[in-house]
1. If segment 1-66 were replaced by its equivalent ellipsoid, with semi-axes equal to the square roots of 5 times the Cα gyration tensor eigenvalues, what would those be, largest first, whole Å?
2. Taking the Cα-to-Cβ direction at Glu129 and at Asn172 and moving 7 Å from each Cα, how far apart do the two end points lie in nm?
3. Can you list the residues, at least 5 places off or on another chain, whose amide H is less than 5 Å from the amide H of His18, using H built in the peptide plane?
4. With label points built 7 Å along Cα→Cβ from the Cα atoms of Ile115 and Arg16, find their separation and express it in nm.
5. Between Ser148 and Ser54, what is 0.36 nm times their sequence separation minus the Cα-Cα distance? Round to one decimal in nm.
6. Between segment 9-60 and segment 120-172, what's the alpha-carbon centroid distance in Å?
7. Return the carbon/sulfur percentage of the accessible area of segment 1-95, one whole number, probe 1.4 Å, all protein chains in place.
Amino acid sequence: MSTRREIDETVSGLLRKHQIFGAPVPVDRVATEEGLPIIEHALQGEVSGALISSNGVSAIAVNSAHHLNRRRFTIAHELAHAKLGHKGDQDHIDWKFTVLRRDGKSSDATDVQEIEANTFAATLLMPREFLIKDLKLQAGSNGEVELSNDQLAALARKYQVSETAMNFRLNNLGLISPI
């Protein structure tokens, strides 16, 4: 199990290693440079993506039918499984084939690995330091930040994430007050 601090440190290390200093984080480049090629394909049902490993080689499969923001989150989520050392289902152990999925189960907040992967993905796509820098531009004379819906939407577009994800991240970090 990884702590938030360990996840933050892992993400910070990746950002430094790949010389990323602003949004949007090129998550596809990070994954590829970390040895995880991305395969886009229309996947069945609720599956957003998977970390597929076979005979020591891994790749990230992403549902090509999903919106760009969702695909970016999925790539970051699957990269998290790899970087955090999560072990997948052993259903195909005879083939030395492992799959970690991103589907409806990953968002129900009961599986520790899925919670960690979601935290990692949000941290990678919306790094705290980047957000603080951008929010300073929105601060009023009293230093407080109150984002309008339009400002929140613009920030989400800049980071190439959904408005819901951006709002959740900003609230979770205590950078804005809940609406």
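1. On the way: eigenvalues 113, 44, 36 Å².
Semi-axes, largest first: 24, 15, 13 Å.
2. Between Glu129 and Asn172, the simple spin-label model gives 2.0 nm.
3. none
4. 2.8
5. Extending this stretch completely gives an extra 29.1 nm.
6. Here the two parts' Cα centres lie 23 Å apart.
7. 52
The values are calculated or read from the model by the stated rules, or taken from the named source; none is laboratory data. These numbers were taken from a predicted model, which means no experiment stands behind them. Backbone-built Cβ (ideal geometry, glycine too); neighbour counts: all protein chains shown. Side chains are part of the model used for accessible areas, which takes the heavy atoms of the whole protein and leaves out ligands, DNA and RNA. Shrake-Rupley method; radii C 1.70, N 1.55, O 1.52, S 1.80 Å.
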